[in-house]
Amino acid sequence: MAVYGYHRTSTTEQHLDRGVRAIREFCAARGWELADLYTDQQTGRHFDRPEYRFMRRRLLPGDVLILSELDRLGRNKEDTLKELRYFQERGVRVMILEIPTTLLDDSALDDQMANLILQTVNQMLIEMYAVFAQAEMEKREKRQREGIEAMKARGDWARYGRPRKLDLATFGEAYEKVKAGQIRPTDCIRQLGLTKPTYYRYKKEWTQLQKSSL
């Protein structure tokens, strides 16, 4: 048995530290050695993430995958449940720290009825948490759309119509790494191929958009 961890945040959720620390502390308390801990800083809407895809191929029957929270796996309900079924069918045990019943070993239960009840409770809780994760994603996207519409109504959106070197969302994804302390502003400017004035103009526009989305 090999034990793996996975944690994801979106580009707007700052640091990966909290979830990573929770997984490490959980393993340390049980004397488990982590074979590896994979992290992505990308949206939870889809599963096309480099570290996740690599980890998915690496896990073998009998392995354990630890998540701090279900929405760290994904925020799309149907796709998240599909991924969990994939691991179950492959014989990989998924433990979710925010759902205590997933931490119980049902194979240790001699009572078949107790085992069935535990599995049923697990499934109900997982589906409920998956619904919450998708609802939060949809609410956030709705606020962003409303923020853009409000800017258009105020006439603040007009300046976004001119040709751009890159779209604002692409800039925002890179800029959030600057805010998180993962890269320096000069690194961001170089990676995106911007001049300093253009970088700071984009920064101002992105900040205004984020405030309008709150």
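Remark: pairs (first residue in the range 118-140, closer than 9 Å to Lys77 by Cβ; second residue among the hydroxyl-bearing types (Ser, Thr, Tyr); Cβ separation under 6 Å; 6+ apart in sequence or on different chains) = Ala130/Thr80. In the list Leu84, Leu103, which residue meets the criterion of being closer than 17 Å to Glu127 by Cβ and aliphatic (A, V, I, L, M)? Just one listed residue meets the conditions, Leu84. Is it true that Glu89 is more than 30 Å from Gly172 (Cα to Cα), at pLDDT 90 or above, touching a Cys at 6+ places or on another chain (Cβ under 9 Å) and open to solvent by 80 Å² or more (accessible area, probe 1.4 Å)? So Glu89 fails the test. Among the residues of the range 34-68, the ones that are touching a Leu at 6+ places or on another chain (Cβ under 7 Å) and free of Cβ contacts under 8 Å to residues at least 60 places away in the same chain come to 2 in all. For Ala35, state whether it is open to solvent by less than 70 Å² (accessible area, probe 1.4 Å) and small (Gly, Ala, Ser). When the stated conditions are applied, Ala35 passes them. Counting the residues of the range 121-135 that are open to solvent by less than 60 Å² (accessible area, probe 1.4 Å) and in contact with a Lys or Arg (Cβ under 8 Å, 6 or more places away or on another chain) gives 3. Looking across the range 42-68, the residues that are open to solvent by 40 Å² or more (accessible area, probe 1.4 Å) and assigned to a helix (DSSP H, G or I) come down to Pro50, Glu51, Arg53, Phe54, Arg56, Arg57, Arg58.
Taking the range 76-86 as the search range and keeping residues that are under 23 Å from Arg18 (Cβ atoms) and open to solvent by 20 Å² or more (accessible area, probe 1.4 Å), which one is modelled with the lowest pLDDT? My answer is Asn76.
The values are calculated or read from the model by the stated rules, or taken from the named source; none is laboratory data. Only a predicted model underlies this, so the values are computations on that prediction, with no experimental measurement involved. For neighbour counting, all protein chains shown are included, and Cβ atoms are generated from backbone atoms with ideal geometry for every residue, glycine included. The accessibility values were calculated without ligands, DNA or RNA, using every heavy atom of the protein model including side chains. Shrake-Rupley method; radii C 1.70, N 1.55, O 1.52, S 1.80 Å.
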